[in-house]
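Working notes, structure below.
Taken together, the values in this text are just the output of simple stated rules run on the coordinates, not laboratory data. The structure displayed is predicted, hence computed values, not measured ones. In this analysis, Cβ positions are derived from the backbone assuming ideal geometry, glycine residues included, and neighbour counts consider all displayed protein chains.
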Amino acid sequence: MYSRFYGFTTEPFQNTPDLDFLFLSTNHKEALACIEYGIRQRKGFIAITGEAGVGKTIILRSYLTKVDAQKQKTIYILNPRVSFDSVLTTILKELSAEPVAGPATQKLNQLHEVLIAEYRNDRTVVLIIDEAQNMPIETLESIRLLLNLETAKEKLIQMVLVGQPELDTLLNRYELRQVRERIALRARIAPLTKTESEDYIDHRLSLVRGEPRAVFSKQALDRIVKSANGIPRRLNILCDAVLIAGFEYRQAIISDRIAKEAIAVFIGLSQPPRRLQPRYAVGMLSVVLMVVFYLVYLSTMPGITVSGPSEDTVQRKEPPKPVLGTIGTDQLFARDRDPYSVPPAR
């Protein structure tokens, strides 16, 4: 909605892992290199952790775009709340093998044969488990059995566990010590620094602007960066909210006041203000002035008083009752027709 106003070719801060806007900080590069090296060298077990929204998913997608589908079969498990038997069934089906009926041990033996066939055809099998901190302990403990499927020199299946910091806490449990000891490579994606956050915003803006120009004032940019705490997803959400507010106020360079207001609304500290377009504001002012002038006019008329500020109604005094004998009948009827008329002088 604001792209045309700010001269963008598209909205730069959409909250999706779009590879067209890929930004690699030092930590992101290290995590990506860890995945590439570990799988290429068949290290077996890799763990990648980081806060929610820090960029783990886009790193995985970046890696998968470089994979040769003829040389590597990648199995991606998005819902880790499953049993070990379900994991084996998923792997076998992804490798075009019909799982045998029976307990998990029989499926494990079947998988061993399938993996040996893939290895002889010079194909690498990779299992990626996202949000691994949510995997049941029993399933995670049994996952290590997959690492027993190996040749004399290399692992037959490569596994990448991706999760939030709770995954590290989970792996440190006593029950999972054998899993923890088998992890060959680890990487943690830390939040962006202040400089990296500013570079991240500028990187995205540079991809949608025809010519470089300021969009956020320095104070507004500092406020956005501070509020996001180095989380790229939060940077996207806050920048988008501030741009929407700036567009509504028609600010070519968004001020700190507008950024503060938009961020406060986003984090729930205030309610969005009721903004009036200029033409509506002028109309409302005209109505108010007309009411004021009308009330002043009424207050100047005889027999009419305007109540104090505690009352909203205009009170009309009762006209004096005519006294028979002091005025003529014509005059009496005239006064009945118009109780506020003044009788002519005699």
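Hey, can you tell me all the residues within the stretch 148-170 that are surrounded by fewer than 21 Cβ atoms within 10 Å (Cβ to Cβ) and either in contact (Cβ under 8 Å) with a residue 40 or more places away in the chain or farther than 28 Å from residue 53 by Cα (or both)?
148, 149, 150, 151, 152, 153, 154, 164, 165, 168
Looking at 175, 181 in this structure, which one is within 30 Å of residue 37 (Cα to Cα) and out of contact with any helix residue (DSSP H, G or I) (no Cβ under 7 Å at 6 or more places or on another chain)?
The unique qualifying residue is 181.
Take the residues of the stretch 218-250 that are assigned to a loop (DSSP other than H, G, I, E, B) and buried (at least 18 other Cβ atoms within 10 Å of the Cβ): which is farthest from the chain's Cα centre (by Cα)? Let's see the steps before the verdict.
Step one: filter the stretch 218-250 for residues assigned to a loop (DSSP other than H, G, I, E, B), giving 229-231, 249-250.
Among the residues that remain, those that are also buried (at least 18 other Cβ atoms within 10 Å of the Cβ) are: 230-231.
Values: 230: 14, 231: 11 Å.
Of everything passing the filter in the stretch 218-250, 230 is farthest from the chain's Cα centre (by Cα).
Could you list, ordered by first residue, the pairs with Cβ atoms under 7 Å in which the first is in the stretch 41-55 and under 15 Å from residue 129 (Cβ atoms) and in contact (Cβ under 8 Å) with a residue 60 or more places away in the chain and the second is of a type in the set (A, V, I, L, M) and part of a loop (DSSP other than H, G, I, E, B), at least 6 apart or interchain?
44/184; 45/183; 45/184; 46/184; 47/183
Within the bounds of the stretch 172-195, is there any residue that is of a type in the set (A, V, I, L, M), in contact (Cβ under 8 Å) with a residue 24 or more places away in the chain and loosely packed, with under 13 Cβ neighbours inside 10 Å? Reasoning before the result, please.
Kept after step one, since they are of a type in the set (A, V, I, L, M), are these residues of the stretch 172-195: 176, 179, 183-185, 187, 189-190, 192.
Now narrow it down to the ones that are in contact (Cβ under 8 Å) with a residue 24 or more places away in the chain: 176, 179, 183-185, 187, 189-190, 192.
Checking the rest, the ones that are also loosely packed, with under 13 Cβ neighbours inside 10 Å come to none.
No, the stretch 172-195 contains no residue that is of a type in the set (A, V, I, L, M), in contact (Cβ under 8 Å) with a residue 24 or more places away in the chain and loosely packed, with under 13 Cβ neighbours inside 10 Å.
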